[in-house]
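Q: Before anything else, here's the structure in question.
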Amino acid sequence: MSESKLKAPRGTFDVLGEQASVRATLEARARALLEAAGYERIETPVFESTELFSRGVGESTDIVRKEMFTLEDAGGRSLTLRPEGTAPVCRAYVEHGMHKRRQPVKLWYLSSFFRHERAQAGRYRQFWQVGAEALGSEDPAVDAESIVLLTRLLAEMRVGEVRLRLSSLGSLASRSEYRERLKQHLRANEASLAEEVRARIDLNPLRAFDSDHPGTRAVMESAPRLLDHLDAEDLEHFAEVRAMLDGASVGYEVDPTLVRGLDYYTRTVFEFTSDALGAQSGVGGGGRYDGLVEQLGGPPTPGIGWAAGVERILLAGDSPPAAPAPVELFVALDGTDAEARRAGFALLHEARSAGLSAQMDLGGRSLKGQLGHANGLGARYVAVLGDGETILRDTQAGGQEAMPTERVVHAVLRRHHDL
Ligand code: HAM
């Protein structure tokens, strides 16, 4: 009896073929752009202690409350598949004493993340983000540089119809006074609010700005705005970020209702959306998190960064796949005896050691089938190993030459250099 076919879990997918190739393009562009701006690659573990996210991302967020894949190890420790990358990067900054390095420390990543969400187009349970974090400076130039880099990456990946929304959430101190005002407003209008918003008035009143519920939206129309309650330093910081973006000709809209789904943000916040995406329109977002490193047990350290969804960039973008590497030499066998196969295998590896991209038939094809395969791969040279001699064909210039097998690599290299 045949077993039922197994499938990848809901909300996950395989990356292969052209998808793998466009992703390679994205990775190469991100690396070139970010490393030229002084960002170093970082790769953190796929799972972390659950506490990192409950403390870092925040107990009141949807991510921590309902979207984490959490498991217990044999020793009873609670572990969580990373739902985002900022808290892990800050954990690594503290763990490796990176505050002793020259600041800001700039790190970038392209990694997979996990959220237990309702899967649909553009929203998955395992997805990839490209992200960049700069720790150790509160200079508004770092905010502007970070935003300009994501603007450029999206432009290079030809993401269409992009909108950049920008706001400031103020420092933790100026925000606490505002939170009280907002709570008062919400309490005064409690009857019109969505159940979920009402339940979170004390825990996370700002999230009410994100609600789709019509009654809540009406209440939020008349709610006090955080941007009107920032202190002088925060206002100056925000003005400087905007002036630098203007100087770099980056278009944005100031949106005082912009709140993000993670608790660590302070001061600058931003989000890129693309109308090319439909319902899941967020391509990328980020902001400052000046209290996060300290919250994770490190020294007081400001930070700013962003992450953009790889699948969403590719869905909304129009970037060509990376061209496959050309095959320079194809080794074909005229005959099936073991000795000829061994000689072919030795030639294949001699060619690769000499730096040529080389392939040989591994599927037991006839000579005709092998030549067809070489043709399909676009192989420039084909070496046919026969009884006693090898024939080297030049598929572009035409013509062929008989030679001892051990001369083939040399002959291909010489012809290559003559071109
Ligand atoms: P986030 O807004 O939660 O921010 O996620 C950033 C991006 O990841 C989103 O704009 C979206 O493109 C993509 N994304 C999120 N969830 C999914 C999903 N389920 N399926 C597909 N794509 C998704 C953060 O994660 C912050 N760590 C960003 C940050 C970095 N802030 C400061 N530094």
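Q: Glu180 to Arg158: FRET efficiency via 1/(1 + (r/R0)^6), r the Cβ-Cβ distance, R0 60 Å, to the nearest 0.05? Provide the component values of the computation, followed by the final result.
A: Working: r = 45 Å, r/R0 = 0.76.
The computed FRET efficiency comes out at 0.85.
Q: Which of the three applies to the range 164-321, rounded, prolate or oblate, going by the alpha-carbon gyration tensor with a ≥ b ≥ c and a/c under 1.5 meaning rounded?
A: oblate
Q: Out of the total accessible area of the chain (probe 1.4 Å, heavy atoms of protein only), what percent is carbon and sulfur? Show your work: numbers first, answer last.
A: Details: 10190 of 20730 Å².
The nonpolar share, carbon plus sulfur, comes to 49 percent.
Q: If Lys and Arg each add +1 and Asp and Glu each add -1, what is the summed charge of the other residues whose beta carbon sits under 13 Å from the beta carbon of Arg198?
A: On the way: positive: Lys183, Arg187, Arg200, Arg207; negative: Glu190, Glu195, Glu196, Asp202.
That works out to 0.
Q: Do you know the relative contact order of the chain, to the nearest whole percent, from alpha carbon pairs under 8 angstrom that are 6+ apart? The partial results should precede the final answer.
A: Values: 721 pairs, mean separation 70.9, N = 419.
Here the relative contact order equals 17 percent.
Q: Roughly speaking, what is the stretch gain from Gln120 to Ser21, that is 0.36 nm per residue apart minus the C-alpha to C-alpha distance, in nm to one decimal?
A: Details: separation 99, 0.36 × 99 = 35.64 nm, distance 2.30 nm.
So the chain would gain 33.3 nm between Gln120 and Ser21.
Q: Each label point is 7 Å from the Cα along the Cα-to-Cβ direction; what then is the distance between the points at Ala218 and Thr395, in nm?
A: So the label points at Ala218 and Thr395 sit 7.0 nm apart.
Q: So, one more: Per residue, how much accessible area does the chain have with a 1.4 Å probe, in Å²?
A: For the chain, the solvent-accessible area averages 49 Å² per residue.
Q: Which order do you get for Trp128, Trp108 if you rank them by accessible area with a 1.4 Å probe, largest at the top? Provide the component values of the computation, followed by the final result.
A: Working: Trp128 55, Trp108 0 Å².
From most exposed to least exposed: Trp128, Trp108.
Q: Continuing with the same structure: Pull out a ≥ b ≥ c, the square roots of the eigenvalues of the alpha-carbon gyration tensor of the chain, then state rounded if a/c is under 1.5, prolate if not and a/b is larger than b/c, and oblate in the remaining case. The partial results should precede the final answer.
A: Numbers: a/c = 2.67, a/b = 2.30, b/c = 1.16.
Here the chain falls in the prolate category.
Q: With r defined as the distance between the Cβ atoms of His99 and Asp275 and R0 fixed at 45 Å, what FRET efficiency is calculated, to the nearest 0.05? Please list the in-between numbers first.
A: Numbers: r = 41 Å, r/R0 = 0.91.
Result of the calculation: an efficiency of 0.65.
Q: Over the chain, with a Gaussian network built from C-alpha contacts below 10 Å, which listed residue (Pro404, Pro205, Pro88) shows the highest mean-square fluctuation?
A: Pro404
Q: Counting only other residues whose beta carbon sits under 14 Å from that of Gln120, what net charge do I get with K and R as +1, D and E as -1?
A: Details: positive: Arg10, Arg115, Arg118, Arg123, Arg125, Arg312; negative: Glu117, Glu311.
Local net charge: +4.
Q: Between the range 1-63 and the range 153-224, how far is it from one alpha carbon centroid to the other, in angstrom?
A: After rounding, the separation between the Cα centres reads 28 Å.
Q: Can you give the longest run of the chain that contains no trypsin sites (Lys or Arg not before Pro) sitting in a DSSP loop with at most 15 other Cβ atoms inside 10 Å?
A: 226-364
Q: Give, rounded to the nearest 20 debye, the magnitude of the charge dipole that the chain has about its Cα centre when Lys and Arg contribute +1 at Cβ and Asp and Glu contribute -1 at Cβ.
A: 560
Q: May I ask for the net charge around Gln19, where only other residues with Cβ less than 15 Å from the Cβ of Gln19 are counted and Lys, Arg are +1 while Asp, Glu are -1? Kindly include the intermediate steps, with their values, before the conclusion.
A: Values: positive: Arg23, Arg312; negative: Asp14, Glu18, Glu27, Glu311, Asp318.
Result for the neighbourhood of Gln19: -3.
Q: Using +1 at the C-beta of Lys and Arg and -1 at the C-beta of Asp and Glu, which of Ala30, Ser78, Val64 has the Cα lying farthest in the positive direction of the dipole of the range 1-85?
A: The Cα lying farthest towards the positive end belongs to Ala30.
Q: Share of antiparallel DSSP beta bridges in the range 264-419, in percent to the nearest 5?
A: Of those bridges, close to 70 percent are antiparallel.
Q: OK, next. Given springs between every Cα pair under 10 Å in a Gaussian network model of the chain, which of Ala374, Ala32, Ala308 has the largest fluctuation?
A: Top of the fluctuation ranking is Ala374.
The values are calculated or read from the model by the stated rules, or taken from the named source; none is laboratory data. Since the model is a prediction, treat every value here as computed from it, not as a measurement. Positions of Cβ are backbone-derived with ideal geometry, glycine not excepted, and every protein chain shown enters the neighbour counts. Accessible surface areas use protein heavy atoms only, side chains included; no ligands, DNA or RNA. Shrake-Rupley method; radii C 1.70, N 1.55, O 1.52, S 1.80 Å.
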